[in-house]
Amino acid sequence: MNLEVIVAQPLLKANEELAKQNRNLLNRRGITTVNLISAPGAGKTTLLEKTIEALKNSFSIGIVEGDIYTTFDSERLAGQGVAAVQINTYGGCHLDAQMVAQALERLPLDKIKLLFIENVGNLVCPAEFDLGENYKVAILSVSEGSDKPKKYPLVFQEAEAVILNKIDLLPYTDFDLAVAKEQLKEIKNNLVMFPLSAKTGEGMEAWVEWLKDKVSQTEKLSATG
Amino acid sequence: MHETALMAEVLKIVQQSALENNLPKVTKIKLAVGKLSMALPKALIFAFQVLKKETVCEEAELEIESKEIVLQCLDCTREFRPQDYHFSCPFCTSSQVKIIQGRELHIISFEGEENELGSNCGSTLVKSQ
């Protein structure tokens, strides 16, 4: 006899449950967590280096560094005097909540106020996996072309803010900043956008202020709550 | 890009449920895949063909129900299908929208054949779990 079994189970259910646990843990500790997502080479690590430089005197920062095989990025960041944990996915195209849960065990959470999770360089899969962060921030660099928002809408729809990096290259490319902003607005009208160059420092201030603001919001919430 | 991992999860869930429901042979698996999910149906089918070998799903067919993107405007409450990833309300231009369909990535159901023993009825039975 033939039998139909109704399952109705999301495939990412296990991840969603672990992400919730991560989020509870981080919220209880009053930590603001930012999940940085971009294509390879958009400048995530340089942006992090410059952001840490600007913020390390304001509060302590932790880093979960996702990479497929290497530890180059965490070595670059370790020199900055922040608590960094490396996750190697060995071929995996994204970080998941389980990997982040393990990384959190190795971080001094009682000392950290702001935690960055640098996802594996990829605009596709990381958008789908909740890690337990407060905010997803997508980075789009000028050298990638202004058509990327329409090609990878989910990541921009999920993001709280978008960094338009490498604006120092604008004169040398046909990247149209106005078009890119317009396309991003079509996907999510209330996206916060930060056109900047992590390399020259131009535009960094607005991004750093936004982070400070988010950290003080979390502090207020954990003080009242 | 991670369709193989997703399909491995599908097969794990279905095999476990088939065992619990005493179904030694799975004949069909139905998935819902939203247009906004990052899983490509073609890659899912390819992964299925490779991974189902030597499992209770070896002879099963895969049916993928593709789900269009449907949004609901949080201001005027109307529902609409966005054109060209334009995520604001075409009625009142509000950008406060909620995705109500299109992010699906789940198993709807599966079908299997029960053990010969004690089954002399040829009808299809729907069972919830």
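Taking the criterion of being of a type in the set (Val, Ile, Thr) and without any contact (Cβ under 8 Å) to a residue 24 or more places away in the chain, would at least one residue in region A:185-195 satisfy it? So that I can check it myself, show each step before the final result.
Of the residues in region A:185-195, the ones of a type in the set (Val, Ile, Thr) are A:187, A:192.
Next, only the ones that are without any contact (Cβ under 8 Å) to a residue 24 or more places away in the chain stay: none.
Checked against the condition, which is being of a type in the set (Val, Ile, Thr) and without any contact (Cβ under 8 Å) to a residue 24 or more places away in the chain, region A:185-195 yields no hits at all.
Outside any loop (DSSP other than H, G, I, E, B), surrounded by fewer than 18 Cβ atoms within 10 Å (Cβ to Cβ) and either in contact with a Leu (Cβ under 7 Å, 6 or more places away or on another chain) or within 14 Å of chain B (Cβ to nearest Cβ) (or both): does that describe residue A:127? Even if it seems obvious, please write down each step before you answer.
Details: outside any loop (DSSP other than H, G, I, E, B): yes; surrounded by fewer than 18 Cβ atoms within 10 Å (Cβ to Cβ): no; either in contact with a Leu (Cβ under 7 Å, 6 or more places away or on another chain) or within 14 Å of chain B (Cβ to nearest Cβ) (or both): yes.
So residue A:127 fails the test.
Selection of region B:81-122 for residues being within 7 Å of chain A (Cβ to nearest Cβ) and modelled with pLDDT under 75 yields B:119, B:121, B:122.
Does region B:1-46 hold any residues that are among the basic types (Lys, Arg) and in contact with a strand residue (DSSP E or B) (Cβ under 8 Å, 6 or more places away or on another chain), and which are they? B:25, B:28, B:30, B:35, listed by residue number. When restricted to residues that are free of Cβ contacts under 8 Å to residues at least 60 places away in the same chain and more than 14 Å from every other protein chain (Cβ to nearest Cβ), region A:88-111 contains 8. Among the residues of region B:32-52, is any within 11 Å of chain A (Cβ to nearest Cβ), assigned to a loop (DSSP other than H, G, I, E, B), small (Gly, Ala, Ser) and surrounded by 20 or more Cβ atoms within 10 Å (Cβ to Cβ)? The answer is yes; a qualifying residue exists.
Selection within region A:28-75: residues that are in a loop (DSSP other than H, G, I, E, B) and under 17 Å from residue A:115 (Cβ atoms). The member of this set that is nearest to the chain's Cα centre (by Cα) is A:31. Scanning region A:195-225 for residues that are surrounded by fewer than 18 Cβ atoms within 10 Å (Cβ to Cβ), on the phi < 0 side of the Ramachandran plot and part of a loop (DSSP other than H, G, I, E, B) gives A:199, A:200, A:202, A:225. Determine, yes or no, whether residue A:212 is more than 14 Å from chain B (Cβ to nearest Cβ), out of contact with any strand residue (DSSP E or B) (no Cβ under 6 Å at 6 or more places or on another chain), of a type in the set (D, E, K, R) and touching a residue at least 60 places away in the same chain (Cβ under 8 Å). Spelling it out, residue A:212 is indeed more than 14 Å from chain B (Cβ to nearest Cβ), out of contact with any strand residue (DSSP E or B) (no Cβ under 6 Å at 6 or more places or on another chain), of a type in the set (D, E, K, R) and touching a residue at least 60 places away in the same chain (Cβ under 8 Å). Among the basic types (Lys, Arg) and under 19 Å from residue A:40 (Cα atoms), is that true of residue A:181? Criteria not met by residue A:181. Between A:114, A:47, the distinction of being more than 14 Å from chain B (Cβ to nearest Cβ) and in contact with a Ser or Thr (Cβ under 8 Å, 6 or more places away or on another chain) belongs to A:114 only. Cβ-Cβ contacts under 9 Å between residues 6 or more apart (or on different chains), taken from a first residue in region B:9-20 that is more than 10 Å from every other protein chain (Cβ to nearest Cβ) to a second residue that is of a type in the set (Ser, Thr, Tyr), are listed as B:11/B:55; B:15/B:55.
Would a scan of region B:53-62 turn up a residue that is part of a strand (DSSP E or B), at pLDDT 95 or above and either at negative phi or not hydroxyl-bearing (Ser, Thr, Tyr) (or both)? Show your work before the answer.
Keep residues of region B:53-62 that are part of a strand (DSSP E or B), which gives B:61-62.
When the remaining residues are screened for being at pLDDT 95 or above, the result is B:61-62.
Okay, now just the ones that are also either at negative phi or not hydroxyl-bearing (Ser, Thr, Tyr) (or both), so B:61-62.
Within region B:53-62, one or more residues are part of a strand (DSSP E or B), at pLDDT 95 or above and either at negative phi or not hydroxyl-bearing (Ser, Thr, Tyr) (or both).
All of (1) under 22 Å from residue A:63 (Cβ atoms); (2) at pLDDT 95 or above hold for residue A:169 with one exception: (1).
What number of residues within region A:131-142 are within 14 Å of the chain's Cα centre (by Cα) and not in a strand (DSSP E or B)? Show your work before the answer.
Our first condition is that a residue be within 14 Å of the chain's Cα centre (by Cα); within region A:131-142, this holds for A:131-140.
Narrowing further to those that are not in a strand (DSSP E or B): A:131-134.
The qualifying residues number 4.
Looking across A:155, A:85, A:120, A:162, one residue alone is free of Cβ contacts under 8 Å to residues at least 40 places away in the same chain and either within 14 Å of chain B (Cβ to nearest Cβ) or closer than 15 Å to residue A:44 by Cβ (or both). It is A:162.
Checked against (1) modelled with pLDDT of 95 or more; (2) crowded, with 17+ Cβ neighbours inside 10 Å, residue A:5 meets all criteria but (1).
Kindly establish whether residue A:61 is modelled with pLDDT of 90 or more, touching a strand residue (DSSP E or B) at 6+ places or on another chain (Cβ under 7 Å) and buried (at least 17 other Cβ atoms within 10 Å of the Cβ). So residue A:61 fits the description; yes.
Of all the numbered requirements in (1) within 26 Å of residue B:105 (Cβ to Cβ); (2) of a type in the set (A, V, I, L, M); (3) modelled with pLDDT of 90 or more, residue A:154 misses one, and that requirement is (3).
The values are calculated or read from the model by the stated rules, or taken from the named source; none is laboratory data. Model, not experiment: these values are computed from the prediction. Counting neighbours? That spans all protein chains shown, and the Cβs are built from the backbone with ideal geometry, glycine included.
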